[in-house]
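K.L.:
The structure that follows is given in the form of structure tokens.
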Amino acid sequence: MARNFKRVRLGEALVEDGFLTNEQLEEALTTSKSKGQKLGEYLMESGLVSEEEIAKVLSRQMDLPYVRIKDVNIPENVLKLVSYDILQKKKEIPFGFDENNPNILMVAVSDPLDFDAQEDIAMLTNLEVQPYVATLSGIVETLDKYYGQKSNTEDLEKFAKEKGLVSDEDTSQHDEDVANSPIVKIVKEMIEKAVRQRTSDIHIEALERQVRVRFRIDGVLYERARYELVFLSALVARIKVIGGMDIAEKRKPQDGRITQVVDHVEYDIRVSVLPTVFGEKVVMRLNSKSGMKREKSKLGLKDYEEKQFDTLLAHPNGIILVTGPTGSGKSTTLYTALSELNSEAVNIITVEDPVETNVDGINQVQTNNKADLTFATALRSILRQDPDIIMIGEIRDEETARIAVQASITGHLVVSTLHTNSSAATITRLEDMGLEPYLIADSVIGVIAQRLVRRLCQCKKPRLATLTEKEVMNIPPEHLNDDITIYEPNGCQLCDNLGYKGRIGVYEIMVITEHMRETISRRATVGQIKEEALSEGMHTLHMSGTEYVLDGTTSYSEMMRISFDS
């Protein structure tokens, strides 16, 4: 195999291409050496350079083509050339033949200097290898996509053969041996695949005759695997072991926690086990340690919304409430707000159930009902800790709400969440909890209602909006006959044929002005509060969602899903 050997000094190449300064390189070399890390690993971990940028620099320096392997549709005859075990070990994957020479096999490689791995594939296939530079995460994700399910099935067959499984009862007898079985590998790889597919929750469900595995991606569940029911007990037992739960208890719901590192990122996984008719159901919620802490610019706030957000955070005291259903991104918004406010000059204390991510410089308290550490009791103690800013995970009852109001009136900034459908409904919800309208008017400085909509992938297809759709989107009457282009999901390799890739926040920010305070104090209805807020320039969820439909960020159906109450 002909090869173009060229010594590449990654750091110098990144400086040459303008991704790093000489000072940043020197500091990175010193720090990575002290940590015993490769330079590339440290640069990606610290966020100085992305994995894709490193791959493109290597591609240019070595005069090799670059391929975004996740976007490639690999033919079946190419997939059969080399076994999964070898490709997984070498971290390379063939993806096609050269169109001008069928004897040249195109292979995606993460380390173009690993000539031994390329020669091994050349020998196994009896073909000449043309390396293409790709990211390691892209190669691993592609291997998962094409070979993962087959590999898991083979592991389970091996496990069944070893244990001689014939029924579900037999599996439970071997619970003690689970840690040494292929089940360990399957659970680990299931979590890794979920992370790489942007999954928020993994569902392992016992059906009548099979075990179904589904991933929640961008808020929607997709089936990813099915196994024989005989393997359910072994899978659940392994998850219980690593989640710190009682392996013998199968009649009661249990909760646990797992920590796993995937692609150099630590994930905190909350586990819930629930007995169902056909066996135990497991749900694992995946959170990266850094996932909640985002830059304000990454939340999806429009320019005018960012100004409103900044105005609210600039208040020295008062209550800021973030509302929306479960999974609408409330916690991320709260943590972003805390990160904005976090400095040496302020004392920030949170009370949460549970603490979702650890933040340096912030004092975080986790509730514990068994120890009588509820939101209310924790808040009373927190007020004696000289706080400037208090974050309450959720206002659930009148007692917690009253303490929050007292804290805000006595000079503290309080941020919290509430489950309501809109900004205006939040005010009446507090009244329903037993708070007097004048107290709400005095303490609340702003309410942020939010939802998440799926972003359309770049493969989206245009179409003209119908008259009904234009009316729903409140297009002015004089423009109802105009051609208005909106976009629909299509599906390609990049988005795994889902049509959507990622999500973005849709916001309804209600700033409490003097007029609003008077309106609230009069015990106004939801409609009256909303009308007052609209007259002062508030954009509803429906209006904000419509903007995303018209600029092609999301689809009409997504907008309707999040603004049903408007």
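K.L.:
What is the diffusion coefficient of region 1-121 in µm²/s, taking the Kirkwood radius over Cα pairs and the Stokes-Einstein relation at 37 °C with a viscosity of 0.692 mPa s? Working shown, then result.
P.N.:
Working: Rh = 16.1 Å.
D = 204 µm²/s.
K.L.:
Whose amide H sits under 5 Å from the amide H of Ala225, counting only residues 5 or more places off or on another chain, with H placed in the peptide plane?
P.N.:
Val213
K.L.:
Taking 7 Å along the Cα-to-C-beta vector as the label spot, tell me the Thr410-Arg285 distance in nanometres, rounded to one decimal.
P.N.:
Roughly 3.1 nm, to one decimal.
K.L.:
Additional query: Report, in deg cm²/dmol and to the nearest 500, the calculated mean residue ellipticity at 222 nm for the chain, where each DSSP H run with n ≥ 4 adds -39500 (n - 2.57) and the sum is divided by the residue count.
P.N.:
Working: 22 runs with 222 residues, N = 566.
Taking each H run of at least 4 residues, the total per residue is -11500 deg cm²/dmol.
K.L.:
Over the chain, one equal point on each Cα, no solvent: what is log10 I(q)/I(0) by the Debye formula at q = 0.07, 0.09 Å⁻¹?
P.N.:
At q = 0.07, 0.09 Å⁻¹ the computed log10 ratios are -0.54, -0.88.
K.L.:
Between helix 303-313 and the chain, what is the angle of the helix's C-alpha long axis to the longest principal axis, kept within 0 to 90° and rounded to the nearest 10?
P.N.:
With rounding to tens, the tilt is 60 degrees.
K.L.:
Please state, as a whole number in µm²/s, the translational diffusion coefficient that the Stokes-Einstein equation yields for region 22-87 at 4 °C and 1.567 mPa s, with Rh defined as the Kirkwood radius across alpha carbon pairs. Please report the intermediate quantities before stating the final value.
P.N.:
Details: Rh = 14.6 Å.
Estimated diffusion coefficient is 89 µm²/s.
K.L.:
Still on this structure, please answer the following. For the pair Gln37 and Glu119, how long in nm is the line joining their label points, each one 7 Å along Cα→Cβ?
P.N.:
Taking the simple label geometry, Gln37 and Glu119 are separated by 3.3 nm.
K.L.:
Continuing with this model, one more query. In region 442-476, which residues have a backbone nitrogen under 17 Å from the label point lying 7 Å from Glu514's Cα in the Cα-to-Cβ direction?
P.N.:
442-443, 445
K.L.:
Would you calculate the volume per residue, in Å³, of the smallest convex hull containing every Cα atom of region 174-333?
P.N.:
147 Å³
K.L.:
Where in the chain is the longest stretch that carries no GluC sites (Glu not before Pro) classed as loop by DSSP and with at most 14 other Cβ atoms within 10 Å? Numbers along the way, then the final one.
P.N.:
Numbers: sites that count: Glu99, Glu208, Glu249, Glu295, Glu344, Glu536.
Looking at the chain, 345-535 is the longest stretch - no exposed GluC sites (Glu not before Pro) with at most 14 other Cβ atoms within 10 Å.
K.L.:
Now, a different point. Determine the per residue accessible area of the chain with all protein chains present and a 1.4 angstrom probe, expressed in square angstrom.
P.N.:
Values: 27090 Å² over 566 residues.
Ligands and nucleic acids excluded, the figure is 48 Å² per residue.
K.L.:
Find how much the distance from Arg226 to Thr311 grows on full extension, using 0.36 nm per residue of separation minus their present alpha carbon separation; answer in nm with one decimal. Walk me through the intermediate numbers first.
P.N.:
Values: separation 85, 0.36 × 85 = 30.60 nm, distance 5.03 nm.
This chain segment gains 25.6 nm when fully extended.
K.L.:
Quick check: at a probe of 1.4 Å, how many percent of the accessible area of region 285-355 sits on carbon and sulfur atoms?
P.N.:
Carbon and sulfur: 47 percent of the exposed surface of region 285-355.
K.L.:
Sticking with this one: Once R0 is set to 56 Å, what does the formula 1/(1 + (r/R0)^6) return for the Cβ-Cβ distance between Val261 and Ser535, expressed as a FRET efficiency to the nearest 0.05? Provide the component values of the computation, followed by the final result.
P.N.:
On the way: r = 52 Å, r/R0 = 0.92.
For R0 = 56 Å, the calculated efficiency reads 0.60.
K.L.:
Order Ser110, Ser557, Ser32 by their accessible area, 1.4 angstrom probe, all chains in place, largest first. Don't skip to the answer; put the middle values down first.
P.N.:
Working: Ser110 35, Ser557 65, Ser32 5 Å².
Ranked from most to least accessible, the order is Ser557, Ser110, Ser32.
K.L.:
Semi-axes of the equivalent ellipsoid of region 298-404: what are they in whole Å, largest first, if each equals the square root of 5 times a C-alpha gyration tensor eigenvalue? Walk me through the numbers on the way to the answer.
P.N.:
On the way: eigenvalues 108, 53, 36 Å².
Semi-axes from the Cα gyration tensor: 23, 16, 13 Å.
K.L.:
Number of Lys pairs in region 232-364 with C-alpha atoms less than 20 angstrom apart, excluding same-chain neighbours closer than eight positions?
P.N.:
Lysine pairs satisfying the spacing and distance rule in region 232-364 number 16.
K.L.:
Moving to a separate point now. Just flag the chymotrypsin sites (Phe, Trp or Tyr not before Pro) in region 1-105 sitting in loop per DSSP whose Cβ has no more than 12 other Cβ atoms within 10 Å.
P.N.:
Details: sites: Phe5, Phe19, Tyr42, Tyr66, Tyr84, Phe95, Phe97; in loops: Phe5, Phe19.
Qualifying residues, ordered by number: Phe5.
K.L.:
Report the per residue volume, in Å³, of the convex hull enclosing the C-alpha atoms of region 393-433.
P.N.:
Details: hull volume 2.9 nm³, N = 41.
In region 393-433, the Cα convex hull volume per residue is 71 Å³.
K.L.:
With a Förster radius of 60 Å, plug the Cβ-Cβ distance of Tyr84 and Asp551 into 1/(1 + (r/R0)^6) and report the FRET value to the nearest 0.05. Can you show the working numbers first?
P.N.:
Numbers: r = 42 Å, r/R0 = 0.71.
That gives a FRET efficiency of 0.90.
K.L.:
Assuming a ≥ b ≥ c are the square roots of the Cα gyration tensor eigenvalues, decide whether region 379-490 counts as rounded (a/c under 1.5), prolate (otherwise, with a/b larger than b/c) or oblate.
P.N.:
Numbers: a/c = 3.85, a/b = 2.48, b/c = 1.55.
Taking the square roots of the gyration eigenvalues as a ≥ b ≥ c, region 379-490 is prolate.
K.L.:
Arg561 label point, 7 Å along Cα→Cβ, cut-off 11 Å on backbone N: hits in region 180-220?
P.N.:
In region 180-220, the label zone of Arg561 (backbone N under 11 Å from the point 7 Å along Cα→Cβ) covers 217-220.
K.L.:
Which of rounded, prolate or oblate describes region 477-523 when judged by the alpha-carbon gyration tensor and an a/c cut-off of 1.5? Kindly include the intermediate steps, with their values, before the conclusion.
P.N.:
Values: a/c = 5.80, a/b = 1.85, b/c = 3.14.
Note, shape of region 477-523 comes out oblate.
The values are calculated or read from the model by the stated rules, or taken from the named source; none is laboratory data. Since we're looking at a predicted model, the values are computed, not measured. Note that each Cβ is placed from the backbone with ideal geometry, even for glycine, and that neighbours are counted across all protein chains shown. Areas reflect the complete protein model, heavy atoms only, side chains present, ligands, DNA and RNA absent. Shrake-Rupley method; radii C 1.70, N 1.55, O 1.52, S 1.80 Å.
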